[in-house]
Structure formats: C-alpha cells, structure tokens
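Worksheet for the structure shown next.
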Amino acid sequence: MPLLQSPSPLAPDHARATSLRAWPLVVALVGGLAVLGLAAAGRLAAEPAAAAILSLAAVGALVWLAGAPAAKAVPAQEVPTDVPGLAGEALAEVAEGLPDPVLVVSGYDRSDFAGRRILFSNQAARELFRVAADTMLVTAVRNPEVLALVDEALFNGREGRTAYEGGGVHDRYWTVLAKPLAAGPDGHRRALLVLRDQTDARRNERMRADFLANASHELRTPLASLTGFIETLRGHAREDPEARDRFLAIMHGQAERMRRLIDDLMSLSRIELGEHIPPSGNVDMAASVIDVLDALGPLAKERCVSLRPSLPPLGEAVAAADRDQIVQVIQNLVENAVKYTPEGGEVVVEVLADLSPTTATARVSDLAAHFSILTPDHAAGRRYVAVRVRDFGPGIARNHLPRLTERFYRVEGQKARERPGTGLGLAIVKHIVNRHRGGLIVESAEGAGALFSAYVPMADPSDADTAA
C-alpha cells in the first residue's frame with residue numbers, strides 16, 4: 001500500500017501489520033466521502049444504503065479516533081505521521097460535522113449499569129445530551145428501551161434500532177441505531193449509537209392525518225345535509241311547494257359551501273406548488289385595499305360593521321408582488337375581521353410603506369400577546385410595505401396563536417355554523433406571504449380583539465410606476 005508507507009522502509013512483517021491496522025482509516029475515508037455526498041443530496045436519512053454507509057464510516061472513524069489497539073501497537077517512529085496525521089484530523093472533522101448525534105459507549109460487566117460510559121460524542125450528541133467524554137451513559141439517556149438496545153449491542157453483539165422521544169419544551173423524536181464494535185485494549189466492550197431526527201417526519205405525518213380527517217369532515221357535513229334533503233324531497237315534501245323551495249335554498253347553500261372548500265383547497269395547492277418562485281410584478285397596496293373594501297362592503301353592511309381605512313396616497317406603497325395573491329391576502333384578513341367583529345363595531349385597515357425590518361416586526365398595539373407566525377430572511381437595506389387589519393372582537397388566547405395558520409384549525413368553542421368559512425383562509429395567507437418573502441404577525445388577547453400584520457418587500461423605486 002504505497003499511500004501508507006513511511007519514507008523509511010519498514011520490515012516486511014511491520015509493513016503487513018501497518019497495512020492491517022490501517023483498515024479503519026481506509027473504511028472511514030471511503031464511507032465518510034459517501035456520507036458527505038449523500039448528505040449533500042438530502043438522502044442520508046431516507047436511503048437504507050446510506051444507513052449502511054453511515055454505520056461503516058462511523059465504525060472506522062470512531063474506532064480510529066477512540067484509540068484502536070492496532071493503532072497503539074505500532075512504535076511511534078514507524079508510524080507514517082504525515083498522511084495518517086492529516087487523515088486523523090479529517091476524520092475528526094467528519095465525525096464532528098455529522099448532523100446526526102453519534103456516541104461510542106463502552107461497558108465491561110452487564111450487571112454494572114454505572115459502568116456504561118460514553119467514550120466519544122460528536123458535536124450534535126453533545127448539544128443534544130449535554131455530555132462530555134468519559135461520562136456515564138445513564139446521565140445522558142434514561143430511556144429503558146435505548147439502554148436495553150445498548151446492552152444488546154455490547155454484550156450480545158446484536159445490531160438493532162428503537163424509537164426515542166426526547167424531552168424538553170419542544171417534542172423531538174429520534175430513531176436510535178446501535179451497532180457492536182470490537183472490544184478495547186482493556187477488555188471493555190464497545191458499541192456505536194447513531195440517532196436520526198424524525199421530528200419533521202412525525203410532524204408532517206400528523207399534519208397529513210389531521211388534514212385528511214378535517215377535510216373529510218368538512219366535506220361530509222354538507223354531503224350529509226344534501227343527502228337528507230334529497231331524500232325528503234323524494235318523499236313527503238315532493239308535493240309541498242313551500243317546503244320544497246326552503247329545502248332547495250338550504251341545499252344550494254350547502255353546495256356553495258362545498259364549492260368554496262374545493263376552491264380553497266385548489267388555491268392552496270397551486271400556491272404551495274409555486275411557493276419557491278418569487279413574484280415578478282408590482283402592486284399598489286393602497287389601491288388593492290380600496291378594491292377589497294369595495295367588494296366586502298355588502299358583507300360588512302349586512303353584519304352592521306363599519307370598515308375604516310387608513311391609507312397613504314396612491315403610488316407611495318408599491319410592493320414587489322402578484323396583485324391577485326395580494327388581493328387574496330387582504331380579502332381573507334378583512335373578511336375574518338368582519339366575521340369576528342360584533343354588531344356596531346368597526347374594522348381598521350391600515351397600509352404603511354418604507355418600513356425597516358425592525359419597524360415592520362415591532363409590536364403595534366397594547367394587546368397582551370405578540371406572535372410572529374412567519375419571519376423572512378431580511379436582506380441588507382430591504383424595506384417593506386405592511387397591511388394591518390384590526391378587529392375588536394372576542395380576541396384569541398395566547399396558546400392558540402401558533403396554530404392559527406394550520407389547515408382547518410379552529411379555536412376551541414367556535415362553531416362552524418356561527419362563523420362560516422372553510423378554515424383555510426389563514427393557511428392561504430401564510431403561504432402567499434411566504435412566497436413574497438414577507439412576514440406575518442398576530443397580536444391578540446382574549447376580550448381585546450386581534451390584529452394581523454402582513455408585510456412584503458417594497459418594489460424598486462424605478463419600477464413603481466408599473467404598479468397594478
């Protein structure tokens with residue numbers, strides 16, 4: 001093996017020993033390159049082949065780093081310090097840079113639970129468990145299934161995996177993989193632990209399940225109503241003109257509810273598909289608000305709610321945006337505010353231009369809770385246009401604020417028949433604002449109304465004249 005030869009020739013038996021003892025390094029280098037390639041492709045956690053490569057690389061790297069007996073058996077003057085020294089540093093960087101927490105655990109006696117010690121932990125593991133090397137395993141992990149998995153790897157030589165739920169303010173879910181390693185020079189057995197974060201996958205799976213349940217419920221209700229009235233019209237109400245007209249009006253309303261739901265679902269799907277594409281047009285935010293208030297005037301009048309705009313002169317609040325989507329954002333926010341405002345109340349719609357990131361995200365009202373639902377990456381020198389919609393309705397408790405933009409989410413105690421809607425309006429608002437590289441903030445407290453602020457980047461001044 002020319003790459004591992006020392007400048008001074010070794011004896012044949014020494015050369016053979018050096019070649020055999022270098023296998024962890026070679027395996028780790030090959031596996032490490034494969035791991036980095038798969039990680040860059042975003043497939044490390046998804047592909048079974050990647051899992052095998054990860055284990056192979058980690059075994060070689062960590063046996064080398066933890067002090068394999070073979071590495072210590074070669075006299076210092078015979079070790080090729082030039083290449084292996086650099087490789088050791090590279091392997092340390094690979095282990096430290098792995099996004100998954102990695103631990104090497106040792107144990108000698110199955111009955112000595114305090115004897116399971118952590119020999120090595122990479123940066124991700126240290127941040128997760130708050131541990132250092134030569135620490136008892138039970139101080140970091142107290143999950144019985146994980147500890148049993150470690151014992152299987154240490155004392156029975158069996159690979160395995162199990163689920164692990166981390167504690168803390170935010171729930172995190174992990175898959176723990178255990179693999180036995182060669183025993184150390186002191187006779188202690190060793191095992192490799194790799195944790196893979198499954199939090200996003202679990203959260204997405206839960207969101208899909210909730211979405212399907214809520215969507216089927218929202219569709220099933222009007223379908224059941226339509227089916228019931230159809231059966232009634234086919235029976236005794238067939239010859240009753242008054243009942244027939246009343247039932248047909250209800251059926252028309254239920255059909256409209258289904259149509260709105262399907263339209264919102266299709267709209268949300270289209271927005272999500274194009275969410276990575278930034279808008280190319282310019283929009284005068286004040287003009288868009290005027291159009292929306294004109295369109296919602298009849299609804300506000302029906303509910304005895306007044307709409308009070310506070311707008312800058314036309315041409316001063318021009319946003320880099322798609323007009324149809326911006327109108328959809330304003331309409332959803334104003335329509336929600338009208339629904340939750342009691343009779344005789346008012347809804348305030350305000351547009352502000354040329355805001356800095358600090359001003360755009362600052363607290364606006366004296367309401368108790370201020371929550372940023374969506375926060376963009378603020379580019380240097382970027383200015384924003386904001387539309388703020390405030391109602392004086394029942395308000396929203398603090399614990400509900402983070403979930404307001406979830407599909408079909410309703411605050412406890414609200415009935416669909418009291419405030420009709422598809423439950424998708426704020427989800428649509430969030431995705432549109434995200435596509436425009438903007439932000440969304442809610443401020444509210446029970447009994448004090450709610451204020452929603454959506455802000456998007458301003459248009460380039462040279463393009464302001466082309467605003468729609």
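The values are calculated or read from the model by the stated rules, or taken from the named source; none is laboratory data. All figures in this text were calculated on a predicted structure; none of them were measured in a lab. Heads up, the Cβs are rebuilt from the backbone with ideal geometry, glycines too, and the neighbour counts pull from every protein chain shown.
Test of understanding: among ASP263, ASP324, which residue is acidic (Asp, Glu), assigned by TED's automatic domain parsing to the domain that holds GLU231 and surrounded by fewer than 18 Cβ atoms within 10 Å (Cβ to Cβ)? Lay out the reasoning, then the answer.
Values: ASP324 fails: assigned by TED's automatic domain parsing to the domain that holds GLU231.
The conditions single out ASP263.
Would you confirm whether or not segment 275-286 contains a residue that is under 25 Å from the mean Cα position of the chain (by Cα) and buried (at least 18 other Cβ atoms within 10 Å of the Cβ)? Yes, there is a match, as at least one residue in segment 275-286 is under 25 Å from the mean Cα position of the chain (by Cα) and buried (at least 18 other Cβ atoms within 10 Å of the Cβ). Residue check: is VAL348 within 27 Å of the chain's Cα centre (by Cα) and within 21 Å of ILE290 (Cα to Cα)? For VAL348, the condition - within 27 Å of the chain's Cα centre (by Cα) and within 21 Å of ILE290 (Cα to Cα) - is not met. Of all residues in segment 332-372, count the ones that are part of a helix (DSSP H, G or I), over 30 Å from ARG260 (Cα atoms) and either aromatic (Phe, Trp, Tyr) or in contact with a Ser or Thr (Cβ under 7 Å, 6 or more places away or on another chain) (or both). Selection size over segment 332-372: 1.
Does VAL456 fit the bill of being surrounded by 18 or more Cβ atoms within 10 Å (Cβ to Cβ), within 25 Å of the chain's Cα centre (by Cα), at pLDDT 90 or above and not in a strand (DSSP E or B)? Explain how you work it out, then say what you get.
Values: surrounded by 18 or more Cβ atoms within 10 Å (Cβ to Cβ): yes; within 25 Å of the chain's Cα centre (by Cα): yes; at pLDDT 90 or above: yes; not in a strand (DSSP E or B): no.
In short, no.
For beta carbons closer than 9 Å, sequence separation of 6+ or different chains, a first residue in segment 171-189 that is modelled with pLDDT under 80 and a second that is of a type in the set (Val, Ile, Thr) and surrounded by fewer than 19 Cβ atoms within 10 Å (Cβ to Cβ), the qualifying pairs are ASP171/THR199. From the list GLU302, GLU275, the one residue that fits, being under 19 Å from HIS431 (Cα atoms) and out of contact with any Gly (no Cβ under 9 Å at 6 or more places or on another chain), is GLU275. When the criteria are applied in full, ALA368 fails the requirement of being touching a residue at least 60 places away in the same chain (Cβ under 8 Å), aliphatic (A, V, I, L, M) and under 15 Å from LEU296 (Cα atoms). Taking the numbered list (1) surrounded by 13 or more Cβ atoms within 10 Å (Cβ to Cβ); (2) closer than 30 Å to VAL150 by Cα in turn, GLU272 passes all entries but (2). When MET258 is tested against (1) surrounded by 14 or more Cβ atoms within 10 Å (Cβ to Cβ); (2) of a type outside the set (Val, Ile, Thr); (3) over 25 Å from ILE326 (Cα atoms), exactly one condition is not met: (3).
Every condition in (1) aliphatic (A, V, I, L, M); (2) over 23 Å from GLY157 (Cβ atoms); (3) without any contact (Cβ under 8 Å) to a residue 24 or more places away in the chain is met by VAL141 except one, and the failing one is (2). Filtering segment 357-374 to residues that are modelled with pLDDT of 90 or more, of a type in the set (S, T, N, Q) and surrounded by fewer than 19 Cβ atoms within 10 Å (Cβ to Cβ) leaves THR358, THR359, SER372. Of the helices (runs of 4 or more DSSP H) lying entirely inside segment 90-209, none contains at least 2 residues that are over 29 Å from the mean Cα position of the chain (by Cα), in the same structural domain as GLU406 (by TED's automatic domain parsing) and exposed (fewer than 13 other Cβ atoms within 10 Å of the Cβ). Going by what's in this entry, would LEU226 be described as farther than 30 Å from TYR164 by Cα and at pLDDT 80 or above? Yes: the conditions hold for LEU226. For the condition under 38 Å from the mean Cα position of the chain (by Cα) and buried (at least 18 other Cβ atoms within 10 Å of the Cβ), ALA317 qualifies.
The requirement of being touching a strand residue (DSSP E or B) at 6+ places or on another chain (Cβ under 7 Å) and small (Gly, Ala, Ser) is not satisfied by SER267.
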